[in-house]
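Here is the structure we will look at, set down as C-alpha cells.
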Amino acid sequence: MPKVKVDGEELEVPNGATVLQACELAGKEIPRFCYHERLSIAGNCRMCLVEVKPGPPKPQASCALPAAEGQEIRTDSEMVKKAREGVMEFLLINHPLDCPICDQGGECDLQDQSVAYGRGGSRYHENKRAVTEKYMGPLIKTVMTRCIHCTRCVRFSEEIAGVDEIGALYRGENMQITTYLEHAAKHEMSANVIDLCPVGALTSRPYAYEARPWELKKTLGIDVSDACGANIRIDSRGREVLRVLPRINDDVNEEWISDKARYQVDGLTHRRLDRPWIRRDGKLQPASWSEAFAAVASLNPGKSIAAVAGDMLDCETMFAAKSLLGALGSDLLEGRQTGMDYATDSLAAVSFNSTLAGIETADAILIVGSNVRWEAPLVNVRLRKAVKRGAKVFLIGPEWDTTFGGQFLGEDLSVIGDLPNEVYETIRDAKRPAIIVGGAGLGRGGLEAALALGEKIGLVRELEDGTQWNGFNVLHMAASRMGGLMLGFAKKGGIADLIAAKPKVLLALGADEVDFTKFADSMIVYVGHHGDKGAHAADIILPAAAFTEKAGTYVNTEGRVQFSDKAVFAPGDAREDWSILRALADALGVSVGFDSFAELRAAMIASVPALGIEGLADYGHVLPAGGGSASGPIAYPVKDFYMTNPIARASGVMQRCSAELLHGEEMAEAAE
C-alpha cells in the first residue's frame, strides 16, 4: 500500500487508489462534476485539480491520477485555488443564469461549487450559446443549454443500464448531449440520470416547478414496487408525497431505483378510497365505520374467515390479520394471490441466498422463468456487473431483450432437467455457480427441479477462502412475499385451499390480483387504499393507508429485514391497516392482544424474532432435496412493467410511460 502526503499529513492508501480518493481518505473535500464513484473515470471537467510532487509544475486532475509511493499532494495551494477558479469560470461561460427558475436550485452541485471555489465575476463578455431541448421521454425534462458535458448520463446509460441511448454529437463548443434520434429513453432505470446530473440540464419532468427542496419533509422509506426493497427517501409537503429519491445502500440498491419506484407516487392521490363502502342491492354505497363493522359482524363468521395478503403489505398488517384470524380459530392465510403453491417448509429454498450484492461475484448463472429487467431492475444491474467480471449467463424462458447478453436455452420448464452438456458442465465447474428461479419458474415442479439440479451441481459449497457460498436463489416480485412466508401466510395448496374451505368472510388485505369469482359465496371485505380490482369485487370496503402513510417492516427477496417510516397521513376517513383490524376484532368480539402499534410490533417480534433485527434474516444453508420433473411452457407474469400494482395503475405518469414507451402511442396534448 503506497504512502502519500496530503497537505502535509502522511497516510497509507489502498493499491489502485486515485489521488482524489487519497485526498478524501485524508478528509479533504475535492470538487468534481464528471467523477462519480460508480462510473468509469472520464477526467473531462477538470474541477478536481490538485498539485502533485514529484511531477510537472502544474495542476493535475486528481480523479484520473493514480496514487503512488512518495507523492506530496497539495489541495489548498495558491496554484490549485487559481486553477479551480479558472475551470469554474470556463464552465460558466455558456451556462445560463436560470437558478431562480431551475428545478435543480437548492441541490445543485454547480451552485454549491461555484460559491465555494469560483471567482466573484466573469471576464467573458461574448454571447452565451444556446442548445435546443432534446426529448428524452415523459420522465426526463431537458434544458441542454445548461449542460456542462460531464458525460455522467452517457456513462450511466452505457455502463449501468446497459442501453446505449445517450451520447454526444459534434465537437468543441458545438458538442451536444442527446438521445441521437431524440426518442424517449426506453429502459427501466432511465430517471437515475436526473440524480447524476450535477447541473439543471436533466431534471424530473413530472416534478417540474412543484417545490423547492427546503419546503419538503424528508422521510426514510422502503420501495414496495418490487421485492428488492430499495431504500428510498420520501419527500412530502403537507399531506402529499411530491417525489421519491434513492438512498445509498450498497447491499441493496447501491444508489439507484427503478422508474416505477420513483414515479408511481403520483398515483397516491388518485382513485383513493377515503371512506367505508357497503354493497347494497348490487351497488356500493357510502357508509360509516360502525355500519361497515356491523355488516361484517352480522354474518357472525366464527372460524369461517380467510385472509389474503396483497403484494405491498407490511409485516405488521399481516401479523395483525393473523392474530385476528387466530382469535377466531381460523388458519386460512395466504399471500400468493395468483395461485402459486410451492412448498414453504424451508425458507432457504425460497430466498435469494447469494444476496443481491453477492450475485455480482457469481461466475455461471442459470435464470429460470424470469424477465429480470421487468421483475427486478436492480438485480438486472447486478447481473451486468457479474457479466463484466466474466460470468456466463443462461436463461430458460421466452426470449427478452437482456442488457447483459446470455444464452436462451428454451421456453419449457423441462429444460431444467435436460440442460445441454456444455451448459451443465459450465455451471458445474464454476467456482460460484448460481441459479435464479423467477415467478414463472416456481410452479409446475419448477422449484423442485431447480433444487434437484442445485444439489447435483453443488450450489451450496465452501469456497477457498473458507466462506460459505449458497447459489440457489428465488427472485420474488412482491414486496410482502418473504415477510408473509416468515409469518406463515401460506397454505400447502395455495389459494386453492382457501377456495375449498368456502369461508363466510374473505379479508382481502390490499389483494388485487385474486380471482374473486372463486369466492362468489363469501362476503369479500377489502382493506386497501385504491379503487382497483379488489375494491370492484368487494361487498364491504374499509379504506386503509398506503405504504407512505404508515410505519412498517418489510422483508426483501434475500430475506433482508428493513423498516420504513410514516411520511404523510392517509386521506379522509382512511385508517392504518392494523387499527382497522384491531377495531374489527372488537366488532367480532375477540381479543388480539394489542391496542397500539408499539404493542403490535412487540408481539410480532416475540412471535418471529428475526423481524425485530434490521439486516439479513438467517434461514440457514440447508436446502431440501427437491426432485421430480418440471414441464410446461413458461409465461412471464409481468405483461406491463409500469402497471403492476394499484398505485402504479392509478398514476398518470405510469400510464403515460406504458402508452408511450411500451405501446408506442403518442400522447395527445389537451388542445388536440
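Cβ separations smaller than 8 Å between residues 6+ apart or across chains give the following pairs from the range 1-23 residues that are free of Cβ contacts under 8 Å to residues at least 24 places away in the same chain to residues that are part of a strand (DSSP E or B) and surrounded by fewer than 16 Cβ atoms within 10 Å (Cβ to Cβ): Met1/Glu12; Glu10/Lys3; Leu11/Lys3; Glu12/Lys3.
Identification of helices (runs of 4 or more DSSP H) wholly contained in the range 312-391 with 3 or more residues that are among the small types (Gly, Ala, Ser) yields 315-328. For Ala116, the conditions (1) under 22 Å from Arg84 (Cβ atoms); (2) free of Cβ contacts under 8 Å to residues at least 40 places away in the same chain; (3) surrounded by fewer than 12 Cβ atoms within 10 Å (Cβ to Cβ) all hold with the exception of (2).
Filter the range 492-515 for residues that are assigned to a helix (DSSP H, G or I) and closer than 18 Å to Met318 by Cα; which is farthest from the chain's Cα centre (by Cα)?
Looking only at the range 492-515, we keep the residues that are assigned to a helix (DSSP H, G or I), and these are 495-501.
If we keep only those that are closer than 18 Å to Met318 by Cα as well, we get 495, 498.
Details: Ile495: 27, Leu498: 31 Å.
Only one residue fits best here, namely Leu498.
One residue stands out in the range 376-406 among those that are among the β-branched types (Val, Ile, Thr) and within 21 Å of Lys260 (Cα to Cα): the one that is surrounded by the most Cβ atoms within 10 Å (Cβ to Cβ), namely Val381.
Does Glu188 qualify as being open to solvent by 30 Å² or more (accessible area, probe 1.4 Å) and in a loop (DSSP other than H, G, I, E, B)?
Numbers: open to solvent by 30 Å² or more (accessible area, probe 1.4 Å): no; in a loop (DSSP other than H, G, I, E, B): yes.
Here the answer is no, as Glu188 does not meet what is asked.
What about Val244, is it of a type in the set (A, V, I, L, M, F, W, C), crowded, with 19+ Cβ neighbours inside 10 Å, without any contact (Cβ under 8 Å) to a residue 24 or more places away in the chain and not in a loop (DSSP other than H, G, I, E, B)?
Details: of a type in the set (A, V, I, L, M, F, W, C): yes; crowded, with 19+ Cβ neighbours inside 10 Å: yes; without any contact (Cβ under 8 Å) to a residue 24 or more places away in the chain: yes; not in a loop (DSSP other than H, G, I, E, B): yes.
Judged against the criteria, Val244 is a match.
Kindly state which strands (runs of 3 or more DSSP E) lie completely within the range 43-161 and contain at least 3 residues that are in contact with a helix residue (DSSP H, G or I) (Cβ under 6 Å, 6 or more places away or on another chain). Walk me through it before giving the result.
Details: elements: 49-53, 72-74, 140-142.
Where strands (runs of 3 or more DSSP E) fall fully within the range 43-161 and carry at least 3 residues being in contact with a helix residue (DSSP H, G or I) (Cβ under 6 Å, 6 or more places away or on another chain), they are 49-53.
So which residues in the range 258-309 are over 23 Å from the mean Cα position of the chain (by Cα) and of a type in the set (Asp, Glu)? Correct list: Asp274, Asp281, Glu291.
Could you identify the single residue in Ile305, Ile232, Ile248 that is in contact with a Gly (Cβ under 7 Å, 6 or more places away or on another chain) and either at pLDDT 95 or above or not polar (S, T, N, Q) (or both)? Steps first, answer last, please.
Details: Ile305 fails: in contact with a Gly (Cβ under 7 Å, 6 or more places away or on another chain); Ile248 fails: in contact with a Gly (Cβ under 7 Å, 6 or more places away or on another chain).
Of the residues listed, the single one that is in contact with a Gly (Cβ under 7 Å, 6 or more places away or on another chain) and either at pLDDT 95 or above or not polar (S, T, N, Q) (or both) is Ile232.
Looking at the structure I just gave you, is Arg444 open to solvent by 10 Å² or more (accessible area, probe 1.4 Å), in contact (Cβ under 8 Å) with a residue 24 or more places away in the chain and touching a helix residue (DSSP H, G or I) at 6+ places or on another chain (Cβ under 7 Å)? Yes; evaluated as a whole, the condition is true for this residue.
Name the residue, out of Leu409, Leu463, Leu413, Leu419, that is under 20 Å from Val622 (Cα atoms) and either surrounded by 24 or more Cβ atoms within 10 Å (Cβ to Cβ) or of a type outside the set (Val, Ile, Thr) (or both). Spell out how you get there, then give the answer.
On the way: Leu409 fails: under 20 Å from Val622 (Cα atoms); Leu413 fails: under 20 Å from Val622 (Cα atoms); Leu419 fails: under 20 Å from Val622 (Cα atoms).
Just a single option satisfies the conditions, and that option is Leu463.
Checking the range 569-578 against the condition returns a match, with at least one residue being assigned to a helix (DSSP H, G or I), under 29 Å from Thr344 (Cα atoms) and not acidic (Asp, Glu).
Of all residue pairs spaced 6 or more apart or on separate chains, those with beta-carbon atoms under 8 Å, a first member in the range 379-398 that is on the phi > 0 side of the Ramachandran plot and a second member that is β-branched (Val, Ile, Thr) are Gly397/Ile367; Gly397/Val368; Gly397/Ile634.
Taking the conditions exactly as written (more than 30 Å from Ala490 (Cβ to Cβ) and among the acidic types (Asp, Glu)), does Glu411 satisfy them or not?
Working: more than 30 Å from Ala490 (Cβ to Cβ): no; among the acidic types (Asp, Glu): yes.
No: the conditions fail for Glu411.
The values are calculated or read from the model by the stated rules, or taken from the named source; none is laboratory data. Everything quoted here is computed from the prediction, not taken from an experiment. Backbone-built Cβ (ideal geometry, glycine too); neighbour counts: all protein chains shown. Please note that ligands, DNA and RNA were not included when accessible areas were found on the heavy atoms of the full protein model with its side chains. Shrake-Rupley method; radii C 1.70, N 1.55, O 1.52, S 1.80 Å.
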